[in-house]
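Below you'll find the structure, written out as structure tokens, and then a few comments.
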Amino acid sequence: MKSLERRFKNISARKIDLSSFLCFSEAIKGQRFSRQTIHRWFYKLVDKEDYLKSEVRGVLEHLENLSNKLEDNKK
């Protein structure tokens, strides 16, 4: 099991009231995952009902920024 998938499943188990999108966001927050990793696991882990298909590009961009946020704060 990959680290992102493991983090997602741990968060999902602890916070059962959160949607899969919020659990995924929490799993990648500040972890500096690559763009490719975020995109691949987003489609595998997040329920399609948690986002609009027309907004996928913006959602993925937001997730990339969320993942790299700590790096930006260190500059």
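No value in this document is a laboratory result; all are computed from the given coordinates. Note that this is a predicted model, so its numbers are computed, not measured. Methodologically, a virtual Cβ is constructed for each residue, glycine included, from the backbone with ideal geometry; neighbour enumeration extends over all protein chains shown.
Worth pointing out:
- Cβ-based exposure ranking for 53, 69, in which fewest neighbours within 10 Å come first: 53, 69
- Mean residue ellipticity, 222 nm, helices only, the chain: the sum of -39500 (n - 2.57) across DSSP H runs of n ≥ 4, divided by residue count and rounded to 500, is -19500 deg cm²/dmol.
- From largest to smallest, the equivalent ellipsoid semi-axes obtained for the chain from the alpha-carbon gyration tensor read 18, 16, 11 Å.
- DSSP-loop GluC sites (Glu not before Pro) across the chain, with at most 13 other Cβ within 10 angstrom: none
- With a Cα cut-off of under 27 Å and a minimum spacing of 8 residues unless on different chains, the lysine pairs in the chain number 27.
- Burial ordering of 47, 17, fewest other beta-carbon atoms within 10 Å first: 17, 47
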